[in-house]
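One structure below.
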Amino acid sequence: MKIPDLTELALRNLRESLLRNSLTTIGISVGVASLVAMLSLGIGLQQLASRRLVKSGLFDTVFVTSRRDLRNYDRDDQRNGPAPGESRILDEPARKEIENLPNVIEAYPDIRFITELRYQDKPHLTMVSALPESAKSNDAFEGMQGSFFSSDTAPEVILQKAFAEELLGKTSKPGSDDVNVAELAKPLLGRELTMRYAQRQGSQSAAETNRNTSTTGKENTLSGAAYSVVSREQELKIVGVSDLDPESMRGPMRAKVFLPLKLGESLHIMQPTDLRELARAASDQPVYSSISVRVRNPKQVQSVEDSIKKMGFTTFSILDATRSLRQFFAVLDLFLGIFGSLALAVASIGIVNTLVMAILERRREIGIMKAIGASDGDVKRLFFTEAGAMGILGGIVGVAFGWAIGQVINLGTNIYLKRQSLPPENFWAVPWWLVAAAITFAFAVSLVSGWYPAGRAARLDPVQALRYE
Amino acid sequence: MTRDKNAIRTEDLRRHYRMGETMIRAVDGISLQVRAGEFVALLGSSGSGKSSVLNLIAGLDRPTSGNVTVQDRDLALLSREELAKYRLHVVGMVFQSFNLIASMTLAENVELPLRFSEVERSKRENRAREALERVGLQARMHHRPSELSGGEQQRAALARALINRPKLLLADEPTGNLDSHTGTEIMDLVREFNQQLGMTVVMVTHERALAERYAERMIFLADGKLVGDQPNPVGAEQVMQS
């Protein structure tokens, strides 16, 4: 029999015992719905987690620190390779070298320091960090009031909202409603701040003391680089107030006040690392505590990391962290999938039952078909098609059903989140591949379930089948 | 090549069933020949094995021993698949209980064998209409069997048996469920097929009167054995007359 004929006959047969076949199909759709609901919850949670990470602009960033920095991220790295004391200093030549590696967009030093800012003659102590121009496109500045720095050297600052509150003398109560950033920004934008900082000033006087350095164990007969530290002030204009939550951010984003990077560099601000490297400093050039390297594509992060490691630095990237995250979600999806499939397994027993019943009921019909020339294969294919049709139909209804369950749960969760003063989130994702896979899976399960009944129907003896009324 | 002039030939045909401890010899060594175009009645009481013989000729059942040859085909040598093809193309069957599929209209019932032989849809519809016209049911094409009388249902079954233009018509008590008037109508149709289309007819019946009236030859069975085989001048005469 041809496939269109087969399908037509199968659908007709399904309509004949409409109630029973509908119930079986509903059974399949409940199974598919539970599978889809479970998996889309898993996928949705995974996407939520990765979205958070991608937004922070971390997937394409490698953090480089010197091995000399004993607070390194990766302890394993420390044990391999040269001893910290003998390894390279993370200075300007090293930064340039990293920036020239293939697939690197930029490598910029993390300039971060704690200093005093004066606003309307009141001192405020806070963490200041410098941002490269590229941070402008970062999603982190999505909800910012005002504008980004007019240039990379402009004497301008962007405030984090908590610091803006501090300047205005407001204190935010934890758990209270979101602070309106626009309201905070209004009195502050365009105003001036005075930043007080410690500047390193190159000095030609070689009258510094020469000392033995215990780290190298060598008599230092060279004259070390020398510089003096001078207290300076810098006027800065407030151009923006961001609604970043510093606690959720990393690296330079954790500060409460941001400067343009080039301005930060030109100020030669004394940083804690300078003090640590003071004993070994060979020039008055700055030494960086860490460098952020932006890579063209997250896929190239690994190779860039490897090349930087070869240069003798310690690297860290979030990809290391997401690897275990992905593993976690793979296991979670597997478990959710197994639980979801259980309902489908029960439904498949329903298919077997329905078809076996149908054989008993349609015994005579099968006998007639065989008597007038239907082959075993025709009968078998007819039952397979009936099982398959129930599977596809149940699959389609089930996917729609599962999607609807997801929407309802998502809505409910967001109402709850709103009551808790949290922003709404999408926990639910039904990607197209899941829709296709669920329907295909339902189809496959129904075919497997149809195997035994179809075989049994095909083997039916027509003489026996026609004997009884 | 010498072509067998017999349409059907059975040799020492046996069909035994085991029923618990006892062996039932439904067909017990029957040898007979039916010429092409002949109208034969198989007569016997209930349990004489006449339906079993018919099922063996129809390829619905396989013999325990002996063989059936239909139009030079030894049915014992055919695979299940080939046997299905044989039933589809060589044999048309009608039954006492009509055996139409209740969920289908007459037209769909009649064209069902054409679906199995994978005939195109448009051709199928035409041929089903022609077959139904032949038995005078064109007006009831789109009715379901339950909406029709017994006679009409049997006529539809005849149309279905005809649809693949088989050479052999096997009828198992075709008038058993019909009153005598309707039964006559059906038998007239069967004779028409026999004479106009040249179909070989083997009809199982327990009504001797019916056999005498229509068949050219009567074969008597009892306890699975052949107990009589005689030409029927009356039936043959009627054939001559018409």
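Taking 7 Å steps out from each Cα toward its Cβ at B:Ala139 and A:Ser266 produces label points 10.6 nm apart. Stretching B:Ala36 away from B:His89 to a fully extended chain increases their span by 17.5 nm, per 0.36 nm per residue minus the current alpha-carbon distance. Values of log10 I(q)/I(0) for the stretch B:102-165 across q = 0.12, 0.19, 0.25 Å⁻¹ run -0.23, -0.58, -1.00, by the Debye formula with one identical scatterer at each alpha carbon and no solvent.
Of the residues B:Val34, B:Val119, B:Ala211, the one whose Cα sits farthest toward the positive end of the charge dipole of chain B, with +1 on the Cβ of Lys and Arg and -1 on the Cβ of Asp and Glu, is B:Val119. Packing, taken as the mean count of other beta carbons within 10 Å per residue, orders the peptides B:44-51, B:214-221 from highest to lowest as B:214-221, B:44-51.
Subtracting the Cα-Cα distance of A:Asp306 and A:Ser324 from their residue separation scaled by 0.36 nm leaves 4.5 nm.
Relative contact order for the stretch B:102-165: 50 percent, from Cα pairs under 8 Å spaced at least 6 residues apart, divided by residue count. For the peptide A:375-385, the mean number of other protein chain Cβ atoms found within 10 angstrom of a residue's Cβ is 2. Using the Cβ-Cβ distance between A:Glu133 and A:Leu23 with R0 set to 60 Å, the FRET efficiency from 1/(1 + (r/R0)^6) comes to roughly 0.40.
Ranked for footprinting exposure by Cβ neighbours inside 10 Å, fewest first, A:Leu447, A:Leu90, A:Leu48 give A:Leu48, A:Leu447, A:Leu90. When A:Asp152, B:Asp172 are arranged by Cβ crowding within 10 Å, least crowded first, meaning fewest neighbours, the order is A:Asp152, B:Asp172. Rounded to the nearest 500, the 222 nm mean residue ellipticity of chain B from helices alone is -11500 deg cm²/dmol, with -39,500 (n - 2.57) taken per DSSP H run of at least 4 residues. When only the Cβ of Lys, Arg, Asp and Glu is charged (+1, +1, -1, -1), the dipole of the stretch B:102-165 relative to its Cα centre reaches about 120 debye. Each of B:Gly151, B:Asn164, B:Ala128 was scored by the projection of its Cα onto the charge dipole of the stretch B:102-165, and the greatest displacement toward the positive side belongs to B:Asn164; charges sit on the C-beta of Lys, Arg, Asp and Glu. Charge tally around B:Asn126: other residues with Cβ under 15 Å, Lys/Arg +1 each, Asp/Glu -1 each, net +2. For the pair A:His124 and A:Leu48, label points projected 7 Å from Cα toward Cβ lie 3.3 nm apart. Relative contact order for chain B: 27 percent, from Cα pairs under 8 Å spaced at least 6 residues apart, divided by residue count.
Exposure proxy ranking for A:Val32, A:Val435, based on other Cβ atoms within 10 angstrom of each Cβ and starting from the fewest, stands as A:Val435, A:Val32.
Spin-label model, A:Ser228 to B:Arg121: label points 7 Å out along the Cα-to-beta-carbon direction sit 9.9 nm apart. Annotation for the stretch B:14-99: GluC sites (Glu not before Pro) lying in DSSP loop with at most 14 further Cβ atoms inside 10 Å of their Cβ are B:Glu21.
Where a number appears in this text, it was derived from the coordinates with a stated rule and is not lab data. Since the model is a prediction, treat every value here as computed from it, not as a measurement. Cβ atoms come from the backbone with ideal geometry, glycine included; neighbour counts cover every protein chain shown.
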